[in-house]
Amino acid sequence: MKTCIQCGTSTEEKFCSNCGQKQDIARLTLKSFFSDFFSRVYGLDGAFPRTVIGLYKKPETVALEYIKGVRGKYVGPVGYYFLMFTVLLIIINVLGFEVADYFPKTEEISDSIIEETGNKQSEAAKALGREIKEKVYNNIQYISFLLAPFLGLWGNVWFRKSKFNLLESIVFAFFVLGQAIIFNMIGFFVFAATGFKNLIVVNFIEMIYCTTAISLFYTSKISFKSIMRSLAAFILSYLSFILFTIISITIIVIVRFLIA
């Protein structure tokens with residue numbers, strides 16, 4: 001009869017019946033240290049590769065199983081999204097770039113307009129635009145979080161007869177958008193190696209993946225009608241997200257200028 005090293009309960013099993021503590025604990029190694037960390041924080045002890053592969057092969061199945069209650073098999077949708085986005089930001093920083101480097105430059109256009117007009121209103125507009133752009137890039141990981149609710153909302157709008165409520169649709173959206181970040185990772189590696197800004201190509205691939213996944217999630221099939229509805233939901237979610245972000249940050253920046 002052993003005594004649990006954590007709660008002191010007598011036990012003969014591998015795991016304590018009282019607190020669940022594993023009894024046969026080997027000496028701490030670097031491998032066990034990181035394995036324990038990732039399994040506790042993200043549940044990556046097999047759940048991560050299972051989630052990545054599952055979302056690649058059958059994204060609708062991963063979301064459906066999670067919604068039905070199969071929670072230990074996969075990484076949670078919000079955690080998965082933030083994990084993938086964090087990895088993307090780490091890759092960008094390690095390669096010595098910034099998020100803004102990946103997007104088309106707009107300063108040249110605004111500078112030429114100001115040189116032609118030469119008025120103070122254009123200067124103020126330029127300053128406001130740069131302030132908004134800076135706010136977006138500095139908080140991109142938090143702002144992008146809002147995209148999933150918009151995708152879930154428009155998914156429910158275009159597939160009103162589906163059995164899913166808004167929260168369940170948002171769960172699906174986090175899974176799919178988290179998986180789509182992998183395309184951004186690949187795109188950024190290509191950009192870092194060649195200098196080619198492939199954002200349009202990456203966005204097109206994301207659109208194909210997400211549109212297909214949306215159709216399969218809501219209708220369990222691929223048809224012209226379901227694809228068109230899925231495409232509409234995808235496009236409208238991005239437009240709504242961009243519009244909401246611009247309006248919100250513009251209001252914040254304007255208020256700050258007025259107070260200052």
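Got at least one residue in the range 196-208 being open to solvent by 20 Å² or more (accessible area, probe 1.4 Å) and among the acidic types (Asp, Glu)? No, there is no match, as no residue in the range 196-208 is open to solvent by 20 Å² or more (accessible area, probe 1.4 Å) and among the acidic types (Asp, Glu).
Restricting Val190, Val253 to those that are open to solvent by less than 70 Å² (accessible area, probe 1.4 Å), at pLDDT below 95 and touching a Phe, Trp or Tyr at 6+ places or on another chain (Cβ under 9 Å) reduces the list to Val190.
Assess whether Asn184 counts as being over 20 Å from Phe82 (Cβ atoms), polar (S, T, N, Q) and out of contact with any strand residue (DSSP E or B) (no Cβ under 9 Å at 6 or more places or on another chain).
Working: over 20 Å from Phe82 (Cβ atoms): no; polar (S, T, N, Q): yes; out of contact with any strand residue (DSSP E or B) (no Cβ under 9 Å at 6 or more places or on another chain): yes.
Criteria not met by Asn184.
Among the residues making up the range 195-210, those that are free of Cβ contacts under 8 Å to residues at least 12 places away in the same chain and assigned to a helix (DSSP H, G or I) are Ile200, Asn203, Phe204, Ile208. Out of Ala213, Ala148, Ala192, one residue alone is touching a residue at least 60 places away in the same chain (Cβ under 8 Å) and more than 24 Å from Tyr102 (Cα to Cα). It is Ala213.
In the range 217-236, the residue that is nearest to Trp158 (Cα to Cα) out of those that are open to solvent by 80 Å² or more (accessible area, probe 1.4 Å) and assigned to a helix (DSSP H, G or I) is Arg229. Candidates Gly54, Gly43, Gly79, Gly20: the one that is loosely packed, with under 14 Cβ neighbours inside 10 Å and either at pLDDT 75 or above or assigned to a loop (DSSP other than H, G, I, E, B) (or both) is Gly20.
The values are calculated or read from the model by the stated rules, or taken from the named source; none is laboratory data. These figures come from a predicted structure and were not determined experimentally. Positions of Cβ are backbone-derived with ideal geometry, glycine not excepted, and every protein chain shown enters the neighbour counts. For the accessible areas, the whole protein counts, side chains as well, though only heavy atoms, and no ligand, DNA or RNA atoms are used. Shrake-Rupley method; radii C 1.70, N 1.55, O 1.52, S 1.80 Å.
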